[in-house]
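Here's the structure we're looking at; comments come further down.
Derivation of every value follows stated rules applied to the coordinates shown; laboratory data play no part. None of the values given here were measured: they were computed from a predicted structure. As a convention, Cβ positions derive from the backbone with ideal geometry for all residues, glycine included, and neighbour counts pool all protein chains shown.
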Amino acid sequence: MTTGKPPYRVPSMAEIAAIPWNGFRVVSTFSGCGGSCLGYRMAGYKVVWASEFVAAAREVYELNHPDTLIDAEDIRNVTGAAILEATGLQPGDIDVLDGSPPCASFSTSGKREEGWGKVKHYSDRAQRTDDLFFEYARLIRELRPRLFIAENVSGLVIGVAKGYFKRILAELKACGYTVQARVLDAQWLGVPQMRKRVIFIGVRSDLERSPVFPRPLPYLYTVRDAFADLPPQAYEKDADISNYAIGPLWDELRPGQTHEKRFNLTKPSLDRPCYTVVATGGHPGTASVVHPLEKRKFTIPELKRICGFPDDFALTGKYEKQWERLGRAVPPVMMMHIAAAVRDEILCPLRK
């Protein structure tokens, strides 16, 4: 890889907590375990309110973001007035409305359109998820933030899902915002993982500013970089794939290969960023990304490194649930770069 890059290191939770406040406030929706929120905090923002209705994710969020108000309601029942009352703010006071509406229906690793418009199992709850972007747009109208940043899977702009993408884009623009969307890849934003996401950025029209996106870094971090100073990993029974059907298939793969029949089974190269970590990959028998040298899935400490989380980020539940929390999250380091771009090129100039 390119020489001259700084060593790969994600700050500790204590170091992140000590970052001075930049004066900007974030309200977060569909917050999960708090990956996006951690990225905003790394860029100096204060997250004043968050929403997450999946109990297991909310438990993790509360452990890692004790100073943020977190709401447990289904977003369909949340009003902008309630958020403003809880935070003591007025319409227009919020700098960033963040949101990552659940996106499994649009993922490229699934049946996609077969699940559209249907109630589906999502983590430990069941709900329809492909309409939640429109609830997010409703909150934009009610809160009138200076800008919003929304995230979804790259599958939203592929094939017949483009129709949904166009509807979502039109709805967001109709809220009174200048909106742009781009596919960004976490591997070019400081994360040792290939992870493409559609990022929507909208700036309130009266501010007369255009959306901005972070510039890609001139280097990539590899799996080897991510693990460089990681202590030897203790054996995790739940990571062992030897007794499952994918065990013998692991033997057929060289590092850097995807299995020709089980396309989700990928063995990363130590000298490239890892393949995408998916939320459902934590079961040892599920075809997903596997360790390049040992017949197992990644340990949770390894996975934190690959997903751009601090080593001391607290997780709860068994191995599979901890994997799910990390696999569903926006990598904090990726969001830090996005948040820093809008801070420096939109929000800070508005202060002058």
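Please find, in a Gaussian network model of the chain (springs between Cα atoms separated by less than 10 Å), the residue of 327, 92, 34 whose mean-square fluctuation is greatest. Fluctuation is largest for 92.
In loop segments of region 168-246 as defined by DSSP, the GluC sites (Glu not before Pro) with at most 16 further C-beta atoms inside 10 Å of their C-beta are 208, 236. Of the chymotrypsin sites (Phe, Trp or Tyr not before Pro) found in region 225-268, those that fall in a DSSP loop while having at most 10 other beta-carbon atoms within 10 Å are 235, 263. Structure remark: mean-square fluctuation, Gaussian network model of the chain, C-alpha springs under 10 Å; the largest value among 275, 319, 221 belongs to 319.
Between residue 270 and residue 230, the modelled label-to-label distance comes to 1.3 nm, taking each label 7 Å out from Cα in the direction of the beta carbon.
With just the Cα atoms defining each centre, how far is region 138-187 from region 192-243? Give it in Å. Region 138-187 and region 192-243 have Cα centres separated by 20 Å.
Summed over qualifying helices (DSSP H, 4 residues or more, each -39500 (n - 2.57)) and divided by its residue number, the chain shows a 222 nm mean residue ellipticity of -7500 deg cm²/dmol. Taking a ≥ b ≥ c as the square roots of the eigenvalues of the alpha-carbon gyration tensor, the chain is classed prolate because a/c is 1.5 or more and a/b outweighs b/c. Only the Cβ atoms of Lys and Arg (+1) and of Asp and Glu (-1) were treated as charged; on that basis the dipole of the chain about its Cα centre amounts to roughly 920 debye.
Compared with the alpha-carbon gap, the fully stretched path from residue 180 to residue 207 is longer by 8.2 nm at 0.36 nm per residue.
Across the options 158, 190, 306, the greatest Cα extent toward the positive end of the charge dipole of the chain (unit charges at beta carbon of Lys, Arg, Asp, Glu) belongs to 158. Remark: spin-label model distance residue 134-residue 352 equals 4.2 nm, labels positioned 7 Å along the Cα→Cβ axis. The residue 15 and residue 295 beta-carbon pair, evaluated with R₀ = 41 Å, returns a calculated FRET efficiency of approximately 0.70.
For the residues 260, 151, 324, a GNM of the chain with alpha-carbon springs under 10 Å puts the largest fluctuation on 260.
DSSP assigns beta bridges within the chain; of those with both partners inside it, close to 55 percent run antiparallel. Derived scalar couplings between HN and Hα for region 321-328 equal 6, 5, 4, 4, 4, 6, x, 7 Hz in order, rounded to whole Hz, by the Karplus curve 6.51 cos²θ - 1.76 cosθ + 1.60 (θ = phi - 60°), x for Gly and Pro. Going by the alpha-carbon gyration tensor, a ≥ b ≥ c the square roots of its eigenvalues, is region 50-90 rounded (a/c under 1.5) or, if a/c is not under 1.5, prolate (a/b greater than b/c) versus oblate? In terms of gyration-tensor shape, oblate. Given a Förster radius of 35 Å and the C-beta distance between residue 260 and residue 316 as r, what FRET efficiency does 1/(1 + (r/R0)^6) yield to the nearest 0.05? For residue 260 and residue 316, the calculated efficiency is 0.40.
With K and R counted +1 and D and E -1, the other residues having a Cβ less than 12 Å from that of residue 229 yield a net charge of +1. Once the Cα-Cα distance is subtracted from the 0.36 nm per residue extended length, the residue 76 to residue 90 segment shows a gain of 3.0 nm. Taking every alpha-carbon pair under 8 Å whose residues sit at least 6 apart, region 264-352 reaches a relative contact order of 27 percent. Once a ≥ b ≥ c are taken as the square roots of the eigenvalues of the Cα gyration tensor of region 207-295, is the result rounded (a/c under 1.5), prolate (a/b larger than b/c) or oblate (a/b not larger than b/c)? Because a/c hits 1.5 or more and a/b exceeds b/c, region 207-295 counts as prolate. The stretch between residue 59 and residue 245, if pulled fully straight at 0.36 nm per residue, gains 63.6 nm over its current Cα-Cα span. Distance between the pseudo-spin-label points of residue 217 and residue 344 (7 Å out from Cα toward the beta carbon): 1.4 nm.
Between 0 and 90 degrees, rounded to the nearest ten: what's the tilt of helix 332-342 against the longest Cα principal axis of the chain? Result, in degrees: 30.
Once the Cβ-Cβ distance of residue 283 and residue 69 is raised to the sixth power relative to R0 = 25 Å, the FRET efficiency obtained is 0.15.
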